[in-house]
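Data block below; observations after.
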Amino acid sequence: MARGGLWLRSAVYVALVVGLSNLLLLDALDRALLEPVRLSIAAAAGHVLALVHENVRVVGQRVFLGPSAVEIVNSCTGVDVGVFLASAMLVFPAPWRVRAQGVVAAFAIVLAVNFLRVLTLCWLNASSPHAFELVHVYVWPAFITGVCLATLLVWIQLVPERDA
Amino acid sequence: MPRFALLLLARFALVYGLLVWLCASVPVYAFLEGAATRAAAAGLRQGAMQSRSLVLERRGDAFVYVYALRVGTVSRSLEQPYHKHAFVLVLFLALVLATPGLARRELATAFFAGGALVFLLCLAMLMSDVAVWERAALAEAGVAETVGPWPVPLGFIAGLHRTAAAGLLPVIVWAFFAGSRAGSRARRPSATSRA
């Protein structure tokens, strides 16, 4: 990408992300998209945790391990992270087929990693609340950032050179 | 590029770990948040019928924002828990420091100019928070229409702040630069290949 193109793509990306991040706050989108995702993640986490832990309950979007509960809120779904990573692929100069593959891969990777994040946080919340705070605030955000970075850099490499 | 990506990630993990340790050892976040609070307070809207002040106060081991507000006959002093907006800055600076192959000048530009832009993002997030507190406080007092604490639009920041975008935005923009730089270096013929 030439310097000028780089600045333009970055500006388009910032505009797109600002628009989409505000779109994600709309009640209608929350009800139609994010709420089912929150409930699905809570249910799936409950099923997986029940394999290794006794006394697991799921109430709506809350996952209980014994008396301690983790509530799956919008920032726990990974949808926002997926949207922002996919947006980067959409604005990058590449054939549309490659962009579409990137978008699918971005969501698959981010949602899978995010699910692992939810499982570890549910487990830590029950076993070590101090570690929960540390891992929740410092470890997972940086890890997910690293995953997004790696996914984007590897995908950029897969873009045919003449289009980059 | 996979080698570049791997190297970048390994270095990022190391530098980020060091910065987090540094932030835990010395009050870096409180310093940055204090600077952001002072910058935000400097631009607060003041007038004959309105006055506002914002400070970050220490309470024991913790910090709180104290936002004093007087609009017409409504007067409130709001205390809100401290939020580490500067986490985004730490993440970005760790990434810049971890990027392999930057010349000193490029590194300095990215660190200071990029860091300043990300600091502005952190500042905007804090300002967005304060605008929300003020709107809620005034709505509670029966004042529906307000001009807001700053003469700048902040609505667009809400989405960035309440999703993961604020953290990812500088990282992905940086990845565009780092990716394109690594790509052009890989395509540039080396002295050996030219010979």
- Extreme residue, farthest from the other protein chains (Cβ to nearest Cβ), among residues of the stretch B:1-58 that are under 27 Å from A:Val135 (Cα atoms) and of a type in the set (Lys, Arg): B:Arg58
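May I ask you to list the residues in the stretch A:13-28 that are loosely packed, with under 14 Cβ neighbours inside 10 Å and in contact with a helix residue (DSSP H, G or I) (Cβ under 9 Å, 6 or more places away or on another chain)?
Result: A:Gly19, A:Leu23.
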- Note on the structure: Looking across the stretch A:126-145 at residues that are at the interface with another protein chain (Cβ under 8 Å from one of its Cβ atoms) and of a type outside the set (Val, Ile, Thr), the single one that is nearest to B:Leu91 (Cα to Cα) is A:Ala142
- Members of the stretch B:124-147 found to be outside any loop (DSSP other than H, G, I, E, B) and hydrophobic (A, V, I, L, M, F, W, C), listed by number: B:Ala124, B:Met125, B:Leu126, B:Met127, B:Val130, B:Ala131, B:Val132, B:Trp133, B:Ala136, B:Ala137, B:Leu138, B:Ala139
- Out of all the residues in the stretch B:99-109, is one or more among the hydrophobic types (A, V, I, L, M, F, W, C) and touching a residue at least 24 places away in the same chain (Cβ under 8 Å)? no
- Query: What are the residues in the stretch A:123-164 that are farther than 20 Å from B:His85 by Cα, aliphatic (A, V, I, L, M) and under 19 Å from the mean Cα position of the chain (by Cα), if any?
  - Reply: A:Val147, A:Leu149, A:Ala150, A:Leu152, A:Leu153, A:Val154
- From A:Leu6, A:Leu23, which residue is out of contact with any strand residue (DSSP E or B) (no Cβ under 8 Å at 6 or more places or on another chain) and under 19 Å from B:Ser180 (Cα atoms)? A:Leu6
- Lone qualifier among A:Ala50, A:Ala45, A:Ala69 - being in contact with a strand residue (DSSP E or B) (Cβ under 6 Å, 6 or more places away or on another chain), buried (at least 20 other Cβ atoms within 10 Å of the Cβ) and more than 9 Å from chain B (Cβ to nearest Cβ): A:Ala45
- Query: Is it fair to say B:Ser180 is modelled with pLDDT under 90, assigned to a helix (DSSP H, G or I) and at negative phi?
  - Reply: yes
- Note on the structure: Of the conditions (1) under 23 Å from A:Ala94 (Cα atoms); (2) more than 7 Å from every other protein chain (Cβ to nearest Cβ); (3) surrounded by 15 or more Cβ atoms within 10 Å (Cβ to Cβ), the single one that A:Pro160 does not satisfy is (3)
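Being at pLDDT 90 or above, over 21 Å from B:Ala5 (Cα atoms) and crowded, with 18+ Cβ neighbours inside 10 Å: is that true of A:Leu149 here?
Numbers: at pLDDT 90 or above: yes; over 21 Å from B:Ala5 (Cα atoms): no; crowded, with 18+ Cβ neighbours inside 10 Å: yes.
Spelling it out, it is not the case that A:Leu149 is at pLDDT 90 or above, over 21 Å from B:Ala5 (Cα atoms) and crowded, with 18+ Cβ neighbours inside 10 Å.
Determine whether B:Arg11 is surrounded by 14 or more Cβ atoms within 10 Å (Cβ to Cβ) and touching a Lys or Arg at 6+ places or on another chain (Cβ under 8 Å). Show your work before the answer.
Details: surrounded by 14 or more Cβ atoms within 10 Å (Cβ to Cβ): yes; touching a Lys or Arg at 6+ places or on another chain (Cβ under 8 Å): no.
It is false that B:Arg11 is surrounded by 14 or more Cβ atoms within 10 Å (Cβ to Cβ) and touching a Lys or Arg at 6+ places or on another chain (Cβ under 8 Å).
Would it be correct to say that A:Ala106 is crowded, with 20+ Cβ neighbours inside 10 Å, modelled with pLDDT of 95 or more and more than 28 Å from B:Ala24 (Cα to Cα)?
Yes.
State all residues of the stretch B:148-157 that are assigned to a loop (DSSP other than H, G, I, E, B), surrounded by 15 or more Cβ atoms within 10 Å (Cβ to Cβ) and free of Cβ contacts under 8 Å to residues at least 40 places away in the same chain; if no residue qualifies, say none.
Residue satisfying the conditions is B:Leu154 alone.
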- Message: Quick check on the stretch A:86-97: of everything there that is out of contact with any Asp or Glu (no Cβ under 8 Å at 6 or more places or on another chain) and in contact (Cβ under 8 Å) with a residue 40 or more places away in the chain, which residue is surrounded by the most Cβ atoms within 10 Å (Cβ to Cβ)?
- Response: A:Ala88
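The values are calculated or read from the model by the stated rules, or taken from the named source; none is laboratory data. Fair warning: this is a prediction, and the values are worked out from it, not measured in the lab. Every residue, glycine among them, receives a Cβ derived from its backbone with ideal geometry; neighbour counts consider all protein chains shown.
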